[in-house]
Amino acid sequence: MFASAHAAEPLEHGGYVGGSVGISYLDDDGAYFVFPQDDSDTAAVLYGGYKFFKYLSIEARYSNFGSLNFGGAYTDTSAMSVHAVGTVPFGTSGWELYGQLGLGTVRFDYIGFGEEDQAAGSGGIGIRYCPSKNFAVGIQTDVFVWEDDFIGPAYDPSIGGTVLTARILF
């Protein structure tokens with residue numbers, strides 16, 4: 001006998017929580033090109049939100065991008081953000097494509113040198129599979145972008161991650 005998984009359409013509205021883990025990356029836009037770089041680490045994300053209807057939800061996130069070398073200074077980097085998430089289901093197959101736009105604050109905790117917060121815009125895209133109405137797994141990539149003119153000319157650094165994600169709808 002062969003066992004098969006049956007997909008389900010997720011709930012059309014309701015609250016949800018989720019978590020993600022993957023790889024973070026930093027792009028300094030050339031601002032600190034003369035300094036050594038360590039521009040990736042482990043990313044972890046916790047989020048919660050409300051799905052207003054099948055195609056739109058709002059969520060809040062805490063993202064931890066790990067410890068990175070940003071211009072020669074090691075920093076623990078994280079973000080708090082709010083996102084509008086649009087979803088496009090692939091019929092009743094259980095698969096969904098989704099994208100998000102958001103605003104938040106990226107925090108750099110420079111080890112031994114203090115903290116810095118940057119207001120940032122965020123965007124991302126992902127795909128997920130819903131094996132039941134209340135559970136989904138997927139992969140997504142997100143990026144936070146801001147303007148930094150601290151060292152003279154304006155640069156557009158970014159930090160983001162590609163993560164595996166799990167979500168529970170209730």
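Since every read-out is calculated from the coordinates, none of them should be taken as a lab result. It should be emphasised that the depicted structure is a prediction, and the values quoted were computed from it without experimental measurement. All Cβ positions, glycine included, derive from the backbone under ideal geometry; neighbour counts span all protein chains shown.
Of Ile125, Ile159, Ile168, which residue is farther than 17 Å from Ala84 by Cα, assigned to a strand (DSSP E or B), touching a Ser or Thr at 6+ places or on another chain (Cβ under 8 Å) and hydrophobic (A, V, I, L, M, F, W, C)? First the steps, then the outcome.
Working: Ile125 fails: farther than 17 Å from Ala84 by Cα; Ile168 fails: touching a Ser or Thr at 6+ places or on another chain (Cβ under 8 Å).
Answer to the selection: Ile159.
Taking the conditions exactly as written (touching a residue at least 12 places away in the same chain (Cβ under 8 Å), within 19 Å of the chain's Cα centre (by Cα) and closer than 19 Å to Val17 by Cα), does Thr105 satisfy them or not? Break it down stepwise before answering.
Values: touching a residue at least 12 places away in the same chain (Cβ under 8 Å): yes; within 19 Å of the chain's Cα centre (by Cα): yes; closer than 19 Å to Val17 by Cα: no.
In short, no.
Can you tell me which condition Thr141 does not meet? The list is (1) under 18 Å from Tyr16 (Cβ atoms); (2) in contact with a strand residue (DSSP E or B) (Cβ under 8 Å, 6 or more places away or on another chain), and all the others hold.
(1)
The rows are residues; the columns are (1) in contact with a strand residue (DSSP E or B) (Cβ under 8 Å, 6 or more places away or on another chain); (2) among the β-branched types (Val, Ile, Thr); (3) under 21 Å from Tyr50 (Cβ atoms).
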residue	(1), (2), (3)
Leu97	yes, no, yes
Ile125	yes, yes, yes
Glu147	yes, no, no
Asp156	yes, no, no
Gly161	yes, no, no
Phe170	yes, no, yes
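Could you look through region 72-85, keep only residues that are surrounded by 14 or more Cβ atoms within 10 Å (Cβ to Cβ) and out of contact with any Gly (no Cβ under 8 Å at 6 or more places or on another chain), and pick out the one that is farthest from Val21 (Cα to Cα)?
Among those residues, the one meeting the criterion is Ala73.
Please determine, by comparing only the residues of region 86-122 that are of a type in the set (A, V, I, L, M, F, W, C) and surrounded by 15 or more Cβ atoms within 10 Å (Cβ to Cβ), which one is farthest from Thr165 (Cα to Cα). Walk me through how you get there before you give the answer.
Here is the first cut: in region 86-122, the residues of a type in the set (A, V, I, L, M, F, W, C) are 88, 90, 95, 97, 101, 103, 106, 108, 111, 113, 119-120.
Filter once more, keeping what is surrounded by 15 or more Cβ atoms within 10 Å (Cβ to Cβ): 95, 106, 108, 120.
Working: Trp95: 14, Val106: 21, Phe108: 24, Ala120: 22 Å.
The qualifying residue farthest from Thr165 (Cα to Cα) is Phe108.
Within region 113-122, track down each residue that is assigned to a strand (DSSP E or B), more than 17 Å from Gly48 (Cα to Cα) and either among the polar types (S, T, N, Q) or over 19 Å from the mean Cα position of the chain (by Cα) (or both).
Hits for region 113-122 are Gly114, Glu115, Glu116, Gln118.
Being among the hydrophobic types (A, V, I, L, M, F, W, C) and not in a strand (DSSP E or B) is the filter; apply it to region 128-156 and report the residue that is nearest to Gly86 (Cα to Cα). Steps first, please.
Step one: list which residues in region 128-156 are among the hydrophobic types (A, V, I, L, M, F, W, C), which gives 130, 135-137, 139, 143-146, 150-151, 154.
Next cut, not in a strand (DSSP E or B) only: 146, 150-151, 154.
On the way: Trp146: 23, Phe150: 35, Ile151: 37, Ala154: 32 Å.
My answer is Trp146.
Select from region 140-170 the residues that are without any contact (Cβ under 8 Å) to a residue 40 or more places away in the chain and hydrophobic (A, V, I, L, M, F, W, C) and write down the one among them that is nearest to Thr92 (Cα to Cα).
Checked region 140-170; the qualifying residue nearest to Thr92 (Cα to Cα) is Val143.
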